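Asker: This structure is in structure tokens; I'll ask about it shortly.
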Amino acid sequence: MREEDVIKAAVKALRLPKEIKAVDYLFSDDSTGQPAVWVKLHVAEDNNPSATKVRQLSDLRKAVAKSILSAEVSRWPYVRLVADRA
Amino acid sequence: MSLHKDLIGQARSLATLDKGKPKQANLRRAVSSAYYAVFHLLVAEGAATIGSRLDAAGRAKVSRAFGHADMKEVCRAYAKAVSDVGFKPEIAPLLTFPVEDGIREVSQVFVELQEARHSADYDVASKWTRLDVLALITSVEDAFIKWKSVKAVPNAKIFLFDLLLRRSWGRA
């Protein structure tokens, strides 16, 4: 399986909450020239998120990154929460 | 209060400063402060360990010797350190695998935040959201708590030495 597919499978294996509207990927090098993947988790724009929501999505970011790291791919995962305007 | 705690507090203040839609400048500075919070935590811990017999001025000199790029390279290895894969044969025998979760987590956060800081400071096209920035800050705060529980273990000492000496201490 190609590395890109391994990464997508690692993310797909997680149960994403309903707050995540879509996921997209950018495969490129990071600022130090190392292979990386940016996983963009699309959420609704929220300028006043509750502490519970921040905690939930922070934990999700970590879970996504850990899932990719444990897949033993060369690319480093950078997980971002990207806002989609309502 | 220590510098790293002040910096993560500053990050949270900046991220929540604006009513309604936050200014990008405040979110970007929040990301930068969050990165420097992790950086200064590791530098302070490293200088205290390596320079344990030095006075404050001596430890300050040791602190200046840490470099961002080398620290990132080291943290990339420790974040994935469930086995000795990726470690030089001169260093691997000094460690016990898997490396403790707290060391892996602070390493992962360091790499993540360094890249985020780079984007926040230099990529004017990137857009930051309050939710994203607060989630990053929360992960830094979590890593601080985890680090506290593992900082005394032998692997943590080796990790701190590795952060400073990566380029040279593998020499035969």
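Asker: Which condition number does B:Lys157 fail, the rest of (1) at pLDDT below 95; (2) surrounded by fewer than 19 Cβ atoms within 10 Å (Cβ to Cβ); (3) of a type outside the set (Ser, Thr, Tyr) being met?
Answerer: (1)
Asker: Quick one: count up the residues across the range B:39-64 that are out of contact with any helix residue (DSSP H, G or I) (no Cβ under 6 Å at 6 or more places or on another chain) and surrounded by fewer than 19 Cβ atoms within 10 Å (Cβ to Cβ).
Answerer: Matching residues across the range B:39-64 total 12.
Asker: What's the number of the condition B:Ser63 fails, among (1) at positive phi; (2) assigned to a helix (DSSP H, G or I)?
Answerer: (1)
Asker: How many of the residues in the range B:130-165 are of a type in the set (Ser, Thr, Tyr) and in contact with a Lys or Arg (Cβ under 9 Å, 6 or more places away or on another chain)?
Answerer: Of the residues in the range B:130-165, 2 are of a type in the set (Ser, Thr, Tyr) and in contact with a Lys or Arg (Cβ under 9 Å, 6 or more places away or on another chain).
Asker: Filter the range B:130-146 down to the residues that are surrounded by 23 or more Cβ atoms within 10 Å (Cβ to Cβ) and either among the β-branched types (Val, Ile, Thr) or more than 13 Å from chain A (Cβ to nearest Cβ) (or both) and list them by number.
Answerer: Of everything in the range B:130-146, those that are surrounded by 23 or more Cβ atoms within 10 Å (Cβ to Cβ) and either among the β-branched types (Val, Ile, Thr) or more than 13 Å from chain A (Cβ to nearest Cβ) (or both) turn out to be B:Val133, B:Ile137, B:Val140.
Asker: Those residues that are exposed (fewer than 14 other Cβ atoms within 10 Å of the Cβ) and either more than 9 Å from every other protein chain (Cβ to nearest Cβ) or closer than 14 Å to B:Ile137 by Cα (or both), I need them from the range A:60-86; list them, please.
Answerer: Those that are exposed (fewer than 14 other Cβ atoms within 10 Å of the Cβ) and either more than 9 Å from every other protein chain (Cβ to nearest Cβ) or closer than 14 Å to B:Ile137 by Cα (or both): A:Ser74, A:Asp84, A:Arg85, A:Ala86.
Asker: Here is a list: B:Lys61, B:Lys80. Which entry is within 9 Å of another protein chain (Cβ to nearest Cβ), over 20 Å from A:Leu41 (Cβ atoms) and modelled with pLDDT under 95?
Answerer: Details: B:Lys61 fails: within 9 Å of another protein chain (Cβ to nearest Cβ).
Of B:Lys61, B:Lys80, the one residue that is within 9 Å of another protein chain (Cβ to nearest Cβ), over 20 Å from A:Leu41 (Cβ atoms) and modelled with pLDDT under 95 is B:Lys80.
Asker: Here is a check on your reading of the model: is B:Trp169 under 21 Å from B:Arg76 (Cα atoms), more than 18 Å from the chain's Cα centre (by Cα) and more than 14 Å from chain A (Cβ to nearest Cβ)?
Answerer: Yes.
Asker: Determine the pairs where a residue that is under 18 Å from B:Ala47 (Cβ atoms), located within the range B:138-156, has a partner that is at pLDDT below 95 and not acidic (Asp, Glu) with Cβ atoms under 7 Å apart, the partner being 6 or more residues away or on another chain.
Answerer: Final answer for the pair search is none.
Asker: If we keep just the residues of the range A:41-59 that are closer than 19 Å to A:Ala13 by Cα and more than 8 Å from chain B (Cβ to nearest Cβ), which is surrounded by the most Cβ atoms within 10 Å (Cβ to Cβ)?
Answerer: Residue satisfying both the conditions and the ranking: A:Leu41.
Asker: Spot the failing condition for B:Gly46; the list is (1) under 29 Å from A:Ala83 (Cβ atoms); (2) more than 14 Å from chain A (Cβ to nearest Cβ), and only one is missed.
Answerer: Checking B:Gly46 against (1) under 29 Å from A:Ala83 (Cβ atoms); (2) more than 14 Å from chain A (Cβ to nearest Cβ), the one that fails is (1).
Asker: Could you list, in sequence order, all residues of the range B:70-117 that are over 10 Å from the mean Cα position of the chain (by Cα), surrounded by 19 or more Cβ atoms within 10 Å (Cβ to Cβ) and of a type in the set (Phe, Trp, Tyr)?
Answerer: Selection gives B:Tyr78, B:Phe87.
Asker: Taking the residues in the range A:13-37 that are surrounded by fewer than 12 Cβ atoms within 10 Å (Cβ to Cβ) and within 12 Å of chain B (Cβ to nearest Cβ) as candidates, determine which candidate is nearest to A:Val64 (Cα to Cα). Lay out the reasoning, then the answer.
Answerer: At the first step, the residues of the range A:13-37 found to be surrounded by fewer than 12 Cβ atoms within 10 Å (Cβ to Cβ) are A:13, A:15, A:18, A:22, A:24, A:26, A:28-29, A:33.
Add one more test, that the residue is within 12 Å of chain B (Cβ to nearest Cβ), and what stays is A:26, A:28-29, A:33.
Working: A:Leu26: 15, A:Ser28: 18, A:Asp29: 19, A:Gly33: 22 Å.
Across the range A:13-37, the extreme among qualifying residues is A:Leu26.
Asker: Out of the range B:133-147, which residues are of a type outside the set (Val, Ile, Thr) and within 13 Å of the chain's Cα centre (by Cα)?
Answerer: Once the filter is applied, which keeps residues that are of a type outside the set (Val, Ile, Thr) and within 13 Å of the chain's Cα centre (by Cα), the range B:133-147 yields B:Leu136, B:Ser139, B:Glu141, B:Asp142, B:Ala143, B:Phe144, B:Lys146, B:Trp147.
The values are calculated or read from the model by the stated rules, or taken from the named source; none is laboratory data. Just so it is clear, the structure is predicted and the values come from calculations on it, not from any experiment. No Cβ is skipped: glycine too gets one built from the backbone with ideal geometry, and neighbour counts run over all protein chains shown.
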